[in-house]
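Asks: A single structure is presented below for examination.
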Amino acid sequence: MIEGLKPYTEYRMSAVPWVPVLPASWRTERAKRLFTRVNRPVRAEDGVVTCFRDGTVTLRKNRRLRGFTEATAEIGYQGIRKGDLVIHAMDAFAGAVGVSDSDGKGTPVYAVCQPKHGANSRYYAHTVREMSRSLWILALAKGIRERSTDFRFETFGNQAVPVPPPDEQTAIVRFLDHANQKIDRFIRAKRRLIALLNEQKQAIIHRAVTRGLNPDATLKPSGIPWLGDIPIHWDVRKLKTLVSTKGGMTPSKGNASFWGGDIPWVSPKDMKVTKISDSKDHITASAVRQTGIAIIQAPAVLIVVRGMILARTFPTALTTVPVTVNQDMKALMPKPVLNPGYFVSLLTGIKRDLLLLVEIAGHGTCCLRTDSWGNFAIPVPPIAEQVSIENHLNLRLATQNAAITRTESEITLMQEYRTRLTADIVTGKLDVREAAANLPGIRVDQEPVPDDSTDQEEAETDPI
């Protein structure tokens, strides 16, 4: 993809703090010389447009229908038109900047910008996202709220930015469109492979946890429509009789003494693995003492009971160390009749049936109510057989798990490659003029692949 790309022949020092060296033919300007903020009235037909952290700016209905924070009154909403540069003032630090692909309306936290003097909005969307990646936007933060900035148009307008000649801005956008299309096709294919492998795993697990390992076992009706027949010596019991539960909470983000400790604090964003030995965030012993948040001893099974992640899956994980959890999760401590490893496999194998219990709570949030899952009946083999099933599955699924891990690593590497390539091109480290001129036409029949490497719950939510 980058064969033949070379640096520019000549460079000079720039006035841009986050990119100190630029091609000699480029100049710099304050962003307010290149863009004007607009504030259009809202039309009756305008749908809500959201600016996502992956750089997509589109109507909400184009991404999904539920899980957003809904404004009770659309005070200060403004018109957005296709082609506008949109900057999310409080999430720009995380890449929430892009060019709208739709007409609609957006919250007043968005800066809606139109170019002047030949500036290319799509080039500057890449540029501002590079300001985010380089942490320059975060460096401008004034502590408005946790994990946020206040990057409003006035701040943006005062920033010095690169100004390639207009034809080079067009060439950069054209080359990146071509590169991103190829990268998106690669990632899309890899995600399809992962989905197929997970479906295969699901079928293997479901068969083992609902029929056992003996194909000649005598069966009996379970009395549960989704479960059908089970081995005659198995029992069927409601979950609430098999586990004890603990919930969680979020200690105050404003109290510095609560955070940065050595106690794992697990949230839904950590639930991408089947075993939890650590977490992205940690709390202190002081937080435990002052808030009363429960410390969950291992082994325990963690489940997500609220949030958009429930719309796609039913995440479960087994703890191997003591942890705490946030309010969107529950910890299930199996009683002696239930093996923890088997229990995780069981929940994984029957997650499609559990997902039927998911409800839509306030503000469109997905929720798995305690009484719903507590009354959910599951098959319970003798404890020795549970251990045998778990050991069998560990061996049987090793190939699929290795393939999934390898494929996920390939996706991560390609996403990192995309980030590095974009950074090098928009800051002039690589000259794409000749390569862009020789590219074929760009197809626009497929949507970009959303970047799921960030916390999507927060990234896809508008502040009211």
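Asks: I'm trying to understand the selection: among the residues of the range 224-253, which are without any contact (Cβ under 8 Å) to a residue 60 or more places away in the chain, in a loop (DSSP other than H, G, I, E, B) and surrounded by fewer than 19 Cβ atoms within 10 Å (Cβ to Cβ)?
Replies: Within the range 224-253, P225, G228, I232, S252 qualify.
Asks: If you scan the range 285-308, which residues turn out to be in a loop (DSSP other than H, G, I, E, B), among the β-branched types (V, I, T) and surrounded by 19 or more Cβ atoms within 10 Å (Cβ to Cβ)?
Replies: I293, V305, listed by residue number.
Asks: Please find, within the range 352-399, the residue that is surrounded by the fewest Cβ atoms within 10 Å (Cβ to Cβ) out of those that are of a type in the set (S, T, Y) and closer than 16 Å to L242 by Cβ.
Replies: In the first step, residues of the range 352-399 are kept if they are of a type in the set (S, T, Y); the result is 365, 370, 372, 388, 399.
Filter once more, keeping what is closer than 16 Å to L242 by Cβ: 370, 372.
On the way: T370: 13, S372: 16.
In this case the residue turns out to be T370.
Asks: On to the next question. G83 versus (1) modelled with pLDDT under 90; (2) exposed (fewer than 15 other Cβ atoms within 10 Å of the Cβ); (3) assigned to a loop (DSSP other than H, G, I, E, B): which is the lone unmet condition?
Replies: It fails just one condition, (1).
Asks: Among the residues of the range 412-433, which ones are without any contact (Cβ under 8 Å) to a residue 12 or more places away in the chain and either farther than 17 Å from K6 by Cβ or buried (at least 17 other Cβ atoms within 10 Å of the Cβ) (or both)? Let's see the steps before the verdict.
Replies: Filtering the range 412-433 for residues without any contact (Cβ under 8 Å) to a residue 12 or more places away in the chain gives 413, 416, 420, 424.
Those that are without any contact (Cβ under 8 Å) to a residue 12 or more places away in the chain and either farther than 17 Å from K6 by Cβ or buried (at least 17 other Cβ atoms within 10 Å of the Cβ) (or both): L413, E416.
Asks: Kindly indicate whether any position in the range 217-228 is touching a Ser or Thr at 6+ places or on another chain (Cβ under 6 Å), modelled with pLDDT of 95 or more and of a type in the set (D, E, K, R).
Replies: Within the range 217-228, none of the residues are touching a Ser or Thr at 6+ places or on another chain (Cβ under 6 Å), modelled with pLDDT of 95 or more and of a type in the set (D, E, K, R).
Asks: Still on this structure, I have one more. Among the strands (runs of 3 or more DSSP E) confined wholly to the range 1-64, which include 1 or more residues that are aromatic (F, W, Y) and in contact (Cβ under 8 Å) with a residue 40 or more places away in the chain?
Replies: Per the criteria, 11-13, 35-37.
Asks: Can you spot a residue in the range 210-219 that is closer than 24 Å to L347 by Cβ and in a helix (DSSP H, G or I)?
Replies: Yes, there is a match, as at least one residue in the range 210-219 is closer than 24 Å to L347 by Cβ and in a helix (DSSP H, G or I).
Asks: I'd like the full set of residues that are surrounded by fewer than 16 Cβ atoms within 10 Å (Cβ to Cβ), among the acidic types (D, E) and more than 30 Å from F343 (Cβ to Cβ), limited to the range 178-217.
Replies: Of everything in the range 178-217, nothing turns out to be surrounded by fewer than 16 Cβ atoms within 10 Å (Cβ to Cβ), among the acidic types (D, E) and more than 30 Å from F343 (Cβ to Cβ).
The values are calculated or read from the model by the stated rules, or taken from the named source; none is laboratory data. These numbers were taken from a predicted model, which means no experiment stands behind them. Reconstructed Cβ throughout: ideal geometry from the backbone, glycine too, with neighbour counts over all protein chains shown.
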